[in-house]
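Enquirer: Let me begin by handing over the structure; questions about it come next.
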Amino acid sequence: MSGLREVAGAVRHVDVLVVGAGPAGLAAAARLAAAGTRRVEVLDREQQAGGVPRHCAHGGFGPWLHPLTGPAYARLLTRAAVRAGAVVRTGVTALDWAGPSTLTAVGRGGPETIEARAVVLATGARERPRTARLVPGTRPAGVYTTGELQQAVHLYGQRIGSRAVVIGAEEVSYAAADTVRAAGAEVVAMVTDLPQAQVSPGRALNARLRQGIPLLTDAMVDELVGRGRLSAVRLRHHDGRTTVLRCDIAVFTGDFVPERELARRGDLVLDAGTRGPAVDGGLHTSRPGVFAVGSVLHPAESAATAAREGAHAADAVRRRLTGDAWPTGVPLTVAAPLRWIAPNRVTPADELPYVLRTTISLHRPVLQVTQDDRLLHRSRSLRTALPNRTVTLTASWTHRVDAGGGPVRVTVA
Amino acid sequence: MTVTARGALPSTPYDVTVVGAGVVGCAIARELARHPRLRVALVEAQDDVGQGTSKANTAILHTGFDATPGSLEARLVREGSRRLAAFAAESGIPVEPVGALLVAWDEEQRAALPRLAEKAERNGYRAAQLLDAAQLYAREPHLGAGALGALHVPGESIICPWTTTLAYATQAVLHGVDLHLNSAVQQVNRPEGAHLLTTDRGTLRTRCLINAAGLHADTLDRDLGHHDFTVTPRRGQLLVFDKFARSLVRHILLPVPTALGKGVLVTPTVYGNVLLGPTAEDLDDKRATASTADGVALLREKGRRILPALLDEEVTAVYAGLRAATEHDDYRITAHPSQAYVTVGGIRSTGLTASLAIAAHVTELLADTGLALGPERELEPVRMPNLGEAFPRPYQLAELIDADPEYGTLVCHCERVSRGEIRDALAAVIPPNSLDGLRRRTRARSGRCQGFHCGAAVRALFEEGQR
């Protein structure tokens, strides 16, 4: 085999290498190139740039005055990056690290090694499939995540079956239900182990009353049934009852996790809550020269949040290229019932607003920020905080952080 | 070259028909393919080879150190292990000689280790070595607290069971064996000195019959008037952990066998995952391949003790296999010369390791039934696609991608499967008849995302290939 061994070609140099051409990566590249950074290169392992919006046929993307569908938004972001002067390369997979800010990659042209002055990880998130959720039963066909379902229906026009159970009742779950219906199939039920849907009352009511989709709360999937093809799912309700729903499609929605393979291979410090790389408000990871943006930091926020973050990171990347020191910051943690916060390190200069998640429903919670028993900030949310929905926190208090102090904690008062 | 999955079976009679294209049946068909004058059929109920017990095992190439000395199984495992190691090297089946550690977690188990070392010697295996706790933890730093010592068996290896079965079948078909899929045998009659098999796809005539029907071997045996054994399916549920877990474990971590059975093991796989299992549940239903909440919970509890950090990683597959357990302690391989019939029953988890030796043994028995095997030839080697992480995969080979850029275009990102590999699998001697078949041949969509990213694209390639 000696002649066929791995041969990485000569090392190529760029100023900024962005991994992932979704909203966050494209926005970062566009802003960097527009600001005059010369060699900005974006890699994406898919054949088309755009990330998850590529297969979100529904609207709600882009500026609210000019709403776009996901695919249109993906094209808009790609065009903007390319027009600004960034190189967007698709069908190229970043494989591993070959130096502090050097990556190996492979594509149709073969293996390559790219050394950058700064690397931006924008690798996104995905839903956890049935296996990771440890759902027992047989292993039949017809079991999807929303991501696979949307691609099957909207990108490939594949037949999916006729009767679907959608597991989850958050935004992405309702999008999955729409995709099932767009494919001409029926949604037999939506199922959540929480006591209520995690979307606006209007959206939940529309699905239940106008589309006739029952929502089963306080219930989880206990078993998948079917040989070859899915024939039913068995549910277990919190009170111990079980229900069998006949169906040939099961869509496991939500339960997002970061795509963090490169972060782990690079030994980046990860946040225990988000499970993505730990970053400060300037999107600096623990590895000097390596930034992270988008859903890999907070699985999963909207495309708009990801794009905003990409643009914000561009400024920090520019400062890095002109020789600014790598900030350290202090850890930013949450206490139960909060689940995670991102960014999850903080420096006094940080300005990016924070996103959080809660594990239980909280009516207009009061969030309190403290460091070493010193109160830095306290504010009441105007809305009820629901699991799987964004809770935001301003960054107006960061200048009070003692950069040499202990961890900063966010708690519910 | 004949592989059929539909339509009527050929009407011309075969000299030998092997029922069951599991790892044992495929090995036997391959062995018979050495004899060019024989017309051989391999008949399988499912739509692919290796679909029963063969696809859901713990993927270990054993040394046979713990077999019952003097048994047929001990001899065939020892001999098969050598043969399979050589065949794997020749055909590119991934094998990693990681070695095994039998870990003792209490005094009773520690006391059993010297006896196991002696048993290994009686089985002709002399490299086993006792380790104290310090030596054990030096070898396995992530092992859970409380282990007292271990028996190190350096010769135990991990192997790709799926590629092994497919390599046997491919080589058999390339040398003239007819493989008939989707052909469940419903009944066997023996009018006028030949066997008449009634299958889902019509009848098939054959002079000699080999029963390698695995879980159903007892049913077929009864059709021919024998009541030598009963197969009780023993379900083994297994969890496969994400590749991130691979660095947590270096050896196959075997439990010390006790009166309560063989117990749960943790082992790396050649694909770079970590496997935890199996459970052992005796059942009546030969189709009960569902995993259960209780089984998964039990495995996680055991896994937490053996390798605590394992539980922090995600599970990428949960599966259950049925072992063809019988009431006997040994394999049940019996020739019935008057019926030109050989039954190959009770092949347990060691069957993968022993498969080539079983095949040679069965062929000898067949000759004893009076069948003239005719001249013998060497088989042309086959070269299988590499699914092993310890060996270069196509995406890592610059020259290969230079010659064909399809090997640089990755479709399944978690497992780094290229479009070239999927294309090759669809055009192979034994092509897949389902997406699962394609998955087993390429690893496409067996990774952590389970198709979130690539599922639709892989299906599109498969459906294009079917047209």
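The values are calculated or read from the model by the stated rules, or taken from the named source; none is laboratory data. Predicted model only: the values in this text are computed from it and were never measured. Every residue, glycine among them, receives a Cβ derived from its backbone with ideal geometry; neighbour counts consider all protein chains shown. When the accessible area is computed, the model is the full protein with side chains, heavy atoms only, and any ligands, DNA or RNA have been set aside. Shrake-Rupley method; radii C 1.70, N 1.55, O 1.52, S 1.80 Å.
Enquirer: B:GLU378 versus A:ARG89, label points 7 Å from Cα toward the beta carbon: distance in nm?
Expert: It is 4.5 nm.
Enquirer: Turning to a different aspect of this structure: Which one of A:LEU268, A:GLY226, A:HIS312 has its Cα pushed farthest toward the positive end of the charge dipole of segment A:183-319, where Lys and Arg give +1 and Asp and Glu give -1 at the Cβ?
Expert: It is A:GLY226.
Enquirer: Largest first, please: the extent of the C-alpha atoms of segment A:48-90 along each principal axis, to the nearest Å.
Expert: Extents along the principal axes, in whole Å: 28, 21, 9.
Enquirer: In Å³ and rounded to a whole number, note down the convex hull volume per residue for the Cα atoms of segment B:340-425. Before the final figure, lay out each step's value.
Expert: Numbers: hull volume 14.9 nm³, N = 86.
Roughly 173 Å³ of hull volume per residue.
Enquirer: Here's another thing I want to ask about it. Provide B:SER54, A:SER162 ordered by accessible surface of protein heavy atoms (probe 1.4 Å), highest first.
Expert: On the way: B:SER54 15, A:SER162 60 Å².
Sorted by accessible area, descending: A:SER162, B:SER54.
Enquirer: If you don't mind, there's one more thing I want to ask. If you keep only loop residues by DSSP, which trypsin sites (Lys or Arg not before Pro) in segment B:7-42 have at most 11 other Cβ atoms within 10 Å of their Cβ? Intermediate values should be presented prior to the final figure.
Expert: On the way: sites: B:ARG30, B:ARG34, B:ARG37, B:ARG39; in loops: B:ARG34, B:ARG37, B:ARG39.
Passing both the DSSP loop test and the Cβ count: B:ARG37.
Enquirer: A further question on this structure: Per residue, how much accessible area does chain B show when a 1.4 Å probe rolls over the protein heavy atoms, in square angstrom? Present the calculation step by step, with values, prior to reporting the outcome.
Expert: Working: 17230 Å² over 467 residues.
Per-residue accessible area for chain B comes out at 37 Å².
Enquirer: Here is a follow-up. Suppose we take every Cα in chain A and form the convex hull; what volume per residue is that in Å³?
Expert: Values: hull volume 67.3 nm³, N = 413.
Once divided by residue count, the hull of chain A is 163 Å³.
Enquirer: Take the solvent-accessible surface of the protein heavy atoms, probe 1.4 Å, and return the percent of it on segment A:255-362 that carbon and sulfur atoms account for.
Expert: On the way: 1920 of 3720 Å².
Ligands and nucleic acids excluded, carbon and sulfur reach 52 percent.
Enquirer: Can I ask one more? What quantity of accessible surface, computed with a 1.4 Å probe and excluding non-protein components, is buried in total between chains A and B, in Å² to the nearest 100? Kindly include the intermediate steps, with their values, before the conclusion.
Expert: Details: alone 19200 and 19440 Å², together 34260 Å².
Adding both sides of the contact gives about 4400 Å².
Enquirer: Order the following by accessible area, largest value first: A:HIS363, B:HIS226. Probe radius 1.4 Å; ligands, DNA and RNA are ignored. The partial results should precede the final answer.
Expert: Details: A:HIS363 145, B:HIS226 30 Å².
So the residues, ranked largest to smallest area, are A:HIS363, B:HIS226.
Enquirer: What number results when the radius of gyration of chain B, computed over Cα atoms, is divided by 2.2 N^0.38 Å?
Expert: Numbers: Rg = 22.1 Å, N = 467, 2.2 N^0.38 = 22.7 Å.
Compactness ratio reported: 0.97.
Enquirer: Using the scaling law 2.2 N^0.38 Å as the reference, what is the normalised Cα Rg of the protein assembly as shown?
Expert: On the way: Rg = 29.3 Å, N = 880, 2.2 N^0.38 = 28.9 Å.
Against the empirical 2.2 N^0.38 Å value, I get 1.01 for the protein assembly as shown.
Enquirer: What is the dipole size for segment A:265-398, taken about its Cα centre, with +1 at each Lys and Arg Cβ and -1 at each Asp and Glu Cβ, in debye to the nearest 20?
Expert: Numbers: 16 positive and 11 negative charges, 80 e Å.
Charge dipole of segment A:265-398: 380 debye, to the nearest 20.
Enquirer: Could you work out the local net charge near A:ALA164, counting Lys and Arg as +1, Asp and Glu as -1, over the other residues with Cβ closer than 15 Å to its Cβ?
Expert: Numbers: positive: A:ARG130, A:ARG159, A:ARG163, A:ARG181, A:ARG229, A:ARG246; negative: A:GLU148, A:ASP178, A:GLU186, A:ASP248.
For residues surrounding A:ALA164, the net value is +2.
Enquirer: Counting Lys and Arg as +1 and Asp and Glu as -1, what is the net charge of the other residues whose Cβ lies under 15 Å from the Cβ of A:HIS154? If you can, show how the numbers build up before the last one.
Expert: Working: positive: A:ARG54, A:ARG75, A:ARG159, A:ARG181, B:ARG459; negative: A:GLU46, A:GLU148, A:ASP178.
After counting each charged neighbour, the total is +2.
Enquirer: Quick check for you: with a 1.4 Å probe and neighbouring chains kept, what is the accessible area per residue of segment A:235-320, in Å²?
Expert: 34
Enquirer: Just give me a number: lysine pairs in the protein assembly as shown, eight or more positions apart or cross-chain, with C-alpha atoms less than 22 Å apart. The partial results should precede the final answer.
Expert: Values: B:LYS55/B:LYS243; B:LYS55/B:LYS262; B:LYS55/B:LYS286; B:LYS119/B:LYS262; B:LYS243/B:LYS302; B:LYS262/B:LYS286; B:LYS262/B:LYS302.
The result is 7.
Enquirer: Another question about this same structure. Report, to the nearest whole %, how much of the accessible area of segment A:165-238 belongs to carbon and sulfur atoms, 1.4 Å probe, protein only. Walk me through the numbers before you get to the answer.
Expert: Working: 1600 of 3150 Å².
C and S atoms contribute 51 percent here.
Enquirer: Heads up, I need the accessible area for B:LYS55: 1.4 angstrom probe, whole protein in place, Å², nearest 10.
Expert: Using a 1.4 Å probe on the heavy atoms, I get roughly 90 Å².
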